[in-house]
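The values are calculated or read from the model by the stated rules, or taken from the named source; none is laboratory data. Please read all numbers here as calculations on a predicted model, not as lab measurements. Backbone-built Cβ (ideal geometry, glycine too); neighbour counts: all protein chains shown.
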Amino acid sequence: MAFTERFSDFVCEGDCIACEQGGFRVVARIVCDDSPDGPDQRQDGFWPSLYKDAPGFIGPGPNHRERFAKAQAEAETIMEAWRRDDWFYCGIVLSVSLEGVILDEHAISLWGVEANYPGSDNAYLTDVADDLLPDVIAIGRRAAQRLCVTLSNLGART
């Protein structure tokens, strides 16, 4: 983990966290996912089922009807919160810069991440940024190398 700053318990589009890694400055920001699909359209098996071959099958066993009722109530709560815009899907977009020069504004991202999900503290948003960090550093190194070659070639021509 390299981001010591964390996304807050409640986030909005544009919220950012930043860190320094390997000489690079990395900024992770929240961007609204532009897909209008709700969780029941995005997640196969979002709604619980008592049918063995159906997505969302809760499994056999004792108290299966109680487990189904609990899962159904949970899904309905999540859908109601979605309809009220209490939570949304977002992308975690990382940019990378070196000595104040932005090398890539959208170096890497992960989309379809739940933000302000009911019962969540949004810790997962920072975890996603941490997971993407090694890749964004590699992208930053390649961009810095290309920039150095370009500047070197320009200097050789003058």
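Residues of the stretch 1-46 that are in contact with a Lys or Arg (Cβ under 9 Å, 6 or more places away or on another chain) and outside any loop (DSSP other than H, G, I, E, B): Cys16, Ile17, Ala18, Cys19, Phe24.
So is Asp34 under 19 Å from the mean Cα position of the chain (by Cα), surrounded by fewer than 12 Cβ atoms within 10 Å (Cβ to Cβ) and not hydroxyl-bearing (Ser, Thr, Tyr) or not? Explain how you work it out, then say what you get.
Details: under 19 Å from the mean Cα position of the chain (by Cα): yes; surrounded by fewer than 12 Cβ atoms within 10 Å (Cβ to Cβ): yes; not hydroxyl-bearing (Ser, Thr, Tyr): yes.
So Asp34 fits the description; yes.
Residue-level analysis places Pro55 among those that are in a loop (DSSP other than H, G, I, E, B), modelled with pLDDT under 95 and either hydroxyl-bearing (Ser, Thr, Tyr) or surrounded by 11 or more Cβ atoms within 10 Å (Cβ to Cβ) (or both).
Would you point out which residue out of Glu74, Glu66, Glu99 is within 30 Å of Ile139 (Cβ to Cβ) and of a type in the set (D, E, K, R)?
Details: Glu74 fails: within 30 Å of Ile139 (Cβ to Cβ); Glu66 fails: within 30 Å of Ile139 (Cβ to Cβ).
After ruling out the rest, the residue left standing is Glu99.
To keep it simple, each residue is scored yes or no on (1) of a type in the set (Phe, Trp, Tyr); (2) under 20 Å from Asp131 (Cα atoms); (3) at pLDDT 95 or above.
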residue	(1), (2), (3)
Trp87	yes, no, yes
Gly91	no, yes, yes
Leu94	no, yes, yes
Glu99	no, no, no
Asp104	no, yes, no
Trp111	yes, yes, yes
Glu114	no, yes, yes
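Report the residue count in the stretch 98-114 for those that are touching a residue at least 24 places away in the same chain (Cβ under 8 Å), under 18 Å from Ala18 (Cβ atoms) and within 20 Å of the chain's Cα centre (by Cα). Within the stretch 98-114, residues that are touching a residue at least 24 places away in the same chain (Cβ under 8 Å), under 18 Å from Ala18 (Cβ atoms) and within 20 Å of the chain's Cα centre (by Cα) number 4. May I ask you to verify whether Ala28 is surrounded by 15 or more Cβ atoms within 10 Å (Cβ to Cβ), under 14 Å from the mean Cα position of the chain (by Cα) and of a type in the set (A, V, I, L, M)? Spelling it out, Ala28 is indeed surrounded by 15 or more Cβ atoms within 10 Å (Cβ to Cβ), under 14 Å from the mean Cα position of the chain (by Cα) and of a type in the set (A, V, I, L, M). Report yes if Val113 is in contact with a Cys (Cβ under 8 Å, 6 or more places away or on another chain), surrounded by 15 or more Cβ atoms within 10 Å (Cβ to Cβ) and part of a strand (DSSP E or B), otherwise no. Criteria met by Val113.
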